[in-house]
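See below for the structure under consideration.
The values are calculated or read from the model by the stated rules, or taken from the named source; none is laboratory data. Owing to the predicted nature of the structure, the values given are computational and were not obtained by experimental measurement. Neighbour counts are summed over all protein chains in view; Cβ atoms, including those assigned to glycine, are modelled from backbone coordinates with ideal geometry.
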């Protein structure tokens, strides 16, 4: 693509209509009205939901997303299963497909499964016309660009490709805000003209000084490193929360004190039931695998500890709940408030609620689960096990979940849970009742007059 300096991008194709591709392309379409953007996916059901006239049915929930889709859809933003046609007609192609952890073979349990990325590369090699920029948007291991490049040039033809790495740094629940006002956009590549072509698109709404340009390998590694550091902070603060509970220290006060140190900063110092989501665990495992691959065993062990602490935190909470409920959950009703891995998303991937609920179900608990955005169909899939499927119920409201329950467990920091008046709600619970605030969001004033036992993550609690 030697003439890419003057190459105008008219049409963009994004392969993958999930949590990354959908919001990213929607914002790009809103900010670049002269671009035609088509998001393609082989999942007909998912595409149908993106095209549904009822915006409440979009497959991805993010505050602000439905309004942008409504503004741009069928104007310069399109959703289809026409992979071949979309690739053929596009100047720039984003790869935003899933990269799960391998479940078998070499690197099983740690390395990324790149089969979907490879499939995309093969389709691009087959259908792309002329000069094409290929952009890695999926979270991928370092050196994936080499794999894509090898596939793109595997058959003799006169096509020219340039590969860029443009990782997403979105936080689910605030993805639209992050896309509209990012603190940085990272573009890695080995051809400056190709990098500039993508940078010029972002400059429609992002300041040039916030666009970082690197080589492709630095860009790929930066994404994994960013998530690893964030996961590390969450595991670290959860270990301190456990100490607070034993000593009487207050985790909020400790977090505030250390967060005022400019060398540390205040973000990601909120204790909770452990990190979840699609990236943190997967990217840590990927970093561990890469470290082992290059013989850096001590590095691999260091990052393994971050994951071990996260798993320990979930088990610690499960065991604590069982112990406080007299070491017996058989036929006890447990209200689960929140199932998404965090607030303002319907994503349950690696949600701490999954493992904690499974632990409670194994103890014989009857769970009544309420989440304002996660469907019961998704909850049932995540907790699928014939041994206790009859002990999983959907609650349509907080009150329905809590009615006659022995305990209520807050596992997602939904805003509506902050406003619950437990002084009143505790009256409909079976005594002796417990509230377990795993998100440190319940106001002390809301339980002042409640005849109830209370535990809050990172606090000594009221037992």
Exercise for the section: Would you check if residue 114 is more than 30 Å from residue 150 (Cα to Cα), surrounded by 14 or more Cβ atoms within 10 Å (Cβ to Cβ) and in the same structural domain as residue 135 (by TED's automatic domain parsing)? Expected result: no
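Conditions (1) under 30 Å from residue 170 (Cα atoms); (2) outside any helix (DSSP H, G or I); (3) modelled with pLDDT under 95, marked per residue:
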residue	(1), (2), (3)
310	yes, no, no
315	yes, no, no
320	no, no, no
360	no, no, no
373	yes, yes, no
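Among the residues of the stretch 384-395, count how many are modelled with pLDDT of 95 or more and not in a helix (DSSP H, G or I).
4
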Handout entry: Number of the exception - residue 100 against (1) closer than 25 Å to residue 61 by Cβ; (2) surrounded by 22 or more Cβ atoms within 10 Å (Cβ to Cβ); (3) modelled with pLDDT under 90
Key = (2)
Fill in the blank from the handout: For residue 213, the lone unmet condition from (1) touching a helix residue (DSSP H, G or I) at 6+ places or on another chain (Cβ under 7 Å); (2) outside any strand (DSSP E or B); (3) under 29 Å from residue 34 (Cβ atoms) is (2)
Practice task
Output the residues belonging to the stretch 63-80 that are touching a helix residue (DSSP H, G or I) at 6+ places or on another chain (Cβ under 7 Å) and more than 14 Å from residue 51 (Cβ to Cβ).
Solution key: 63, 64, 65, 68, 71, 76
Completion exercise
Of the residues in the stretch 193-210, those that are more than 17 Å from residue 137 (Cβ to Cβ), out of contact with any helix residue (DSSP H, G or I) (no Cβ under 9 Å at 6 or more places or on another chain) and part of a helix (DSSP H, G or I) come to 200, 209
Completion exercise
Reported set for the stretch 6-23 where residues are crowded, with 23+ Cβ neighbours inside 10 Å and assigned to a helix (DSSP H, G or I) is 21, 22, 23
Exercise for the section: Mind counting the residues in the stretch 341-393 that are touching a helix residue (DSSP H, G or I) at 6+ places or on another chain (Cβ under 6 Å) and within 21 Å of residue 234 (Cα to Cα)? Expected result: 6
Fill in the blank from the handout: Contact list, first residue from the stretch 99-118 and closer than 16 Å to residue 291 by Cα, second anywhere and in a loop (DSSP other than H, G, I, E, B), beta-carbon distance below 6 Å, six or more apart or interchain, is 108/102; 111/102; 112/99; 112/141
Exercise for the section: Can you confirm whether the stretch 174-191 contains a residue that is at pLDDT below 95, in the same structural domain as residue 127 (by TED's automatic domain parsing), surrounded by fewer than 16 Cβ atoms within 10 Å (Cβ to Cβ) and touching a helix residue (DSSP H, G or I) at 6+ places or on another chain (Cβ under 9 Å)? Expected result: yes
Problem - From the options 122, 73, 115, residue that is modelled with pLDDT of 90 or more and within 25 Å of residue 226 (Cα to Cα) - result: 115
Problem - Verdict on residue 29 being within 22 Å of residue 88 (Cβ to Cβ), at pLDDT 95 or above, in contact with a helix residue (DSSP H, G or I) (Cβ under 7 Å, 6 or more places away or on another chain) and part of a loop (DSSP other than H, G, I, E, B) - result: no
Practice task
Could you please let me know if residue 334 is in contact (Cβ under 8 Å) with a residue 24 or more places away in the chain, touching a strand residue (DSSP E or B) at 6+ places or on another chain (Cβ under 9 Å) and not in a helix (DSSP H, G or I)?
Solution key: yes
Completion exercise
Apart from one, (1) surrounded by 18 or more Cβ atoms within 10 Å (Cβ to Cβ); (2) in contact with a strand residue (DSSP E or B) (Cβ under 8 Å, 6 or more places away or on another chain) all hold for residue 350; the odd one out is (2)
Practice task
Can you give me the number of residues within the stretch 380-434 that are in contact with a strand residue (DSSP E or B) (Cβ under 7 Å, 6 or more places away or on another chain), loosely packed, with under 14 Cβ neighbours inside 10 Å and touching a residue at least 40 places away in the same chain (Cβ under 8 Å)?
Solution key: 1
Exercise for the section: Kindly provide the set of residues from the stretch 240-263 that are exposed (fewer than 13 other Cβ atoms within 10 Å of the Cβ) and either under 25 Å from the mean Cα position of the chain (by Cα) or not in a helix (DSSP H, G or I) (or both), ordered by number. Expected result: 248, 260, 261, 262, 263
Exercise for the section: Go through the stretch 55-170 and tell me which strands (runs of 3 or more DSSP E), entirely inside it, have 3 or more residues that are more than 19 Å from residue 220 (Cα to Cα). Expected result: 77-80
Completion exercise
residue 44: passes all of (1) crowded, with 18+ Cβ neighbours inside 10 Å; (2) without any contact (Cβ under 8 Å) to a residue 40 or more places away in the chain but (1)
Practice task
Tell me which residues, restricted to the stretch 435-463, are surrounded by 19 or more Cβ atoms within 10 Å (Cβ to Cβ) and without any contact (Cβ under 8 Å) to a residue 12 or more places away in the chain.
Solution key: none
